[in-house]
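Data first, discussion second: the structure below is written as structure tokens.
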Amino acid sequence: MINSPYIRKPASVQSVMLQVLLALVPGIAAYVWFFGAGILVQLAIASAAALAGEAAMLAIRGKPKALFLTDLSAIVTAWLIALTFPPIVPWWLTVTGTLLAVVIVKQLYGGLGQNPFNPAMAAFCLMIVAYPALMSQWPAAGQLDFKTQLDLIFGGARQVDAITGATPLDALRTALRSAASADSELHGLRASQLMDGPAFGALGGKGGEWVALAYLLGGLWLIQRRIITWHIPAAFCGALFLTAGLLWSVRPDSFASPLFHLASGGAMLGAFFILTDPVSGATTARGKLLFAAGAAVLTYVIRAFGAYPDGIAFATLLMNILVPIIDMKTQAPVFGHKKD
Amino acid sequence: MLRKLFKFHGGVKPQTNKERSTTAPIAPVPLPDKLVIPLHQSVGGPPRPLVQRGDQVFKGQRIGAADGNLSSAVHASTSGIVRDVLPAVMPHTSGLTTLSVVIEPDGEDRWGELDRINVRAATPDELRDYLRDAGVVGLGGAVFPSHLKLKPGKEGSLDTLVINGAECEPFITCDDMLMRERATDMLKGISAMRHMLQARDVLIGIEDNKPEALAAVQAAITASGEKGIEAIAIPTRYPAGGAKQLIRVLTGIEVPHGRRSTDFGVQCFNVGTAYSIHEALEHGRPLVSRLVTVAGNVNAPRNYEVLIGTPMDHVVRLAGARPDTDRYIMGGPMMGVRMPAFDVPVVKATNCILVGSPALFPPPPPEMPCIRCGECAKACPADLAPFEMYWFSRARNFGKTQEYHLFDCIECGCCSFVCPSHIPLVDYFRFSKSEIWAREREKEAADTARERFEFKNLRQEREKQEKAEKLAAKAAATREKVAGETATPAAATAAKPSGDDAKRALIEAAMEKARQQKAQAAPKNVDVTSPDVQAEMAAIDARRRAAEHPTEAPPPPPAGQA
Ligand code: SF4
Ligand code: SF4
């Protein structure tokens, strides 16, 4: 029987997810512009794999397929996977990563709404541990034409070294480390000088900074649409800026500038699209601030001192673990119990 | 002077749908063939019937006497013959029956000898008793006996008397029309209340989508020349008309759940109640009719002055229900309750008969799992985290639901309204509340609230217990006597009782521990007696009985997707 309220706002999971996908479109467009159309192929592969994996699991678990396949949540996961993996990983790697995310991290934990970990980020971590080399090849902007990209995605033989590009983050860290050692040819160069190389743009990586900017735009639109709140992006960017700024102001020669950190890697994607995943993230206002700030500091630490190219994925998972306790400890006072 | 208004958290803005029912003035309703007047129409004890079959009654004659102070009288709404005093279906979703007086009107609608009171000479206590016997209860929907709320707090006076003309529920316009057409009389009622409460200021809160009502009330205030009364436009946002939300908006005070607002120097009454108080004090007329909005799936939505006891379909007919009508809802679309039949009577709580159809109020899309998007928390005017309470309600972890302040939920429905997963959140909360009350009742702890609430049960239980104790004492005495007589036997038997004692001590310790644990697990926020809590308890109790009623399924399906 239906009880009150008898009226409802026209809202649905599907429309929420659809808006998230739409907000990713500017970023994807910039991605294609600077790095080639290969990413579109990856998006398609990941989407297909996600839907297939989801359909199979729904069938096994006896859940209504039409309802859950059209909620678009699997597509969001798929797109985040495609956008965080290097664009030239072989197709089977994208498929494996997506299936891991959808089948294990999401469906085995109970499906939509039940997963404690961000599926896309869990897949990223598993894949980078399993295939560190493949997961660390980042072509520079304009380096590869579409045909080469297709060959790399679908072809067998791989010329790993020839196309090896570390991410700008990686490159800078490596360069900074060798600049610090006396017997390197880079010895004595400052971060700003190191960033004159062809891989770098005005702020972050060449091309990458524009993609980041496009993600930022999409993210701001999500805030304006009230799909996400400002807390997580603001806290993440703020904390990343402060942490990076602190070390940079102490030793500008050995650390990248805070703006570089914000414009590089997955920072914008993380701030607006990954950490804001409602299911695995914190839900209270104060909790969101803590959650995102924690993720930012961890991201920075992994970037600056770790061995992986970017730290967003690990930082997200680590903070996911803390979500229940963060949420519990940050419940806002209820009506009539505020102390003001 | 512009007054500083305060905001309450959350709230929603559903389509108001109020325009159509305010185009025509309040209309009278022709006498129906029969009136069915339930005796129990307010929070508190059910009144005792004062008439029997065959009696001749006048309009305004008392037919149900208040049962103690927490109760309110009921009157014949027209003159006629009592055809029956019997249990009849009441206007509640449960379809349960309640003792009702069936009156066949004689068509003359003649008032009897009216019981008058000299307002100036009467003491406050006399006035309160008078209002109780005039059957005046809160007409905003809570039907709490008004005389009980007309006591100033401990200090003997009040800072602010808040008058609720917000009327935030979509479709409902009876308060709007009352203010437009009867502002002067309403204001006189307010003055009387102000006097009884010794209130310094009076603030009349009206949502800003009712400019005509606001203007009418302001004009009436100016004409009366009374100082310290102000009609204030407040932003239109559901549930601004919730008493707590309105008090917050107008005064900035947040009255916590379970506390009396008078402890904070505020009291709140609905505009319709103010009008009834005027009718009673000035003209000696008890509450025998009220304004009812008929809206929704009808050709001509309108407000009617309806005699209590009039069958709903008799009124709806006047507005022209459309053929696809499938239900009547008493109240608005956010909090209204579905009626079990079309001919249930209009009662004092009936502010609106919302006529529904599948097209107007379609069933919600399929329920999806919660994605923790937090929309519900953003919309909750009580600052709760509905999705957390939902989670624990489903798991039947009721202790946890209370840690998340389940009982602070005012069941406004905002959370269900916004949820993108279409989860009937408030159904889960109603369900949890009734479960908790049921458990509480089983536990029969003896706090005052429930002592009144279920006094009889408690007393019987105590008597049983006392009897058992007496029996036990007697048995113990006999045992001792026997033991004393048989004290001589050898040491072997002497050792045995001590073993028994040890065992008993152990068992007792374990039981004591269990008792303590149970006490700890007991709800923390249910031991209170403020009007809203009593109203809530009454509502929950009714639901509870509904759930136990064999023909009715229990509230929500607690299963659902895993
Ligand atoms: S609005 Fe619905 S889906 Fe969103 S958190 Fe609340 S219950 Fe969950
Ligand atoms: S029904 Fe209860 S939980 Fe839901 S919004 Fe209203 S007060 Fe909050």
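Just so you know, all these numbers are worked out from the coordinates, no wet-lab data involved. Computed from a predicted model, the values in this text were never measured in an experiment. Here the Cβ positions follow ideal geometry from the backbone for every residue, glycine too, while neighbour counts run over all protein chains shown.
The phi-based Karplus calculation (6.51 cos²θ - 1.76 cosθ + 1.60; θ = phi - 60°) puts the 3J(HN,Hα) values of the range B:98-109 at 8, 4, 9, 9, 9, 10, 9, x, 8, x, 8, 6 Hz, whole numbers, x for Gly and Pro.
Taking the range B:428-443 and a reference point 7 angstrom along Cα→Cβ of B:Gln460, the backbone N atoms nearer than 14 Å belong to B:442. Between B:Asp84 and B:Arg53, the modelled label-to-label distance comes to 0.9 nm, taking each label 7 Å out from Cα in the direction of the beta carbon.
Suppose R0 equals 45 Å. What FRET efficiency, 1/(1 + (r/R0)^6) with r the Cβ-Cβ distance, do A:Leu246 and A:Lys65 give to the nearest 0.05? Walk me through the numbers before you get to the answer.
Values: r = 51 Å, r/R0 = 1.12.
E(calc), rounded to 0.05, equals 0.35.
The local environment of B:Leu203, defined by Cβ-Cβ distances under 13 Å, has a net charge of +2 under the rule Lys, Arg +1 and Asp, Glu -1. Shielding of peptide B:370-383 by partners, expressed as the average count of other chain Cβ atoms within 10 Å per residue Cβ, is 5.
As a proxy for reagent exposure, ranking B:His314, A:His261 by other Cβ atoms within 10 Å from fewest up yields B:His314, A:His261.
Counts of other chain beta carbons within 10 angstrom of each beta carbon in peptide A:326-336 average 6.
Which of A:Phe85, B:Phe8 has the fewest other C-beta atoms within 10 Å, and how do the rest follow up to the most?
B:Phe8, A:Phe85
Take every pair of alpha-carbon atoms less than 8 Å apart whose residues are at least six positions apart; their mean separation over the length of the range B:268-402 yields a relative contact order of 19 percent.
Extension gain for A:Ile321-A:Ala44 works out to 96.7 nm (0.36 nm per residue, less the C-alpha to C-alpha distance).
Considering the dipole of the range B:1-115 built from charges on the beta carbon (Lys and Arg +1, Asp and Glu -1) around the Cα centre, which of B:Thr97, B:Pro87, B:Val43 is farthest to its positive end? Working it through, the farthest residue towards the positive pole turns out to be B:Val43.
In the structure shown, the pairs A:Lys206/A:Lys288; B:Lys7/B:Lys400; B:Lys244/B:Lys378; B:Lys188/B:Lys227; A:Lys338/B:Lys149; B:Lys400/B:Lys433 are assessed against 23 Å; a Cα-Cα span above that value is assigned to A:Lys206/A:Lys288; B:Lys7/B:Lys400; A:Lys338/B:Lys149. Ranked by the mean number of other Cβ atoms within 10 Å of their residues, highest first, the peptides A:118-128, B:222-232 come out as A:118-128, B:222-232. Distances between placed amide hydrogens fall under 5 Å for B:Ala231 paired with B:Ile204, all partners being 5 or more residues away or on another chain.
Among the residues of B:308-317, the average count of other protein chain beta-carbon atoms within 10 Å of the residue beta-carbon is 0. Exposure proxy ranking for A:Leu21, B:Leu471, based on other Cβ atoms within 10 angstrom of each Cβ and starting from the fewest, stands as B:Leu471, A:Leu21.
Once the C-beta distance of B:Ala438 and B:Glu113 is scaled by a Förster radius of 51 Å, the resulting FRET efficiency is 0.65 to the nearest 0.05. Computing FRET efficiency as 1/(1 + (r/R0)^6) for B:Arg3 and A:Ile2, where r is the C-beta to C-beta distance and R0 is 41 Å, gives about 0.55.
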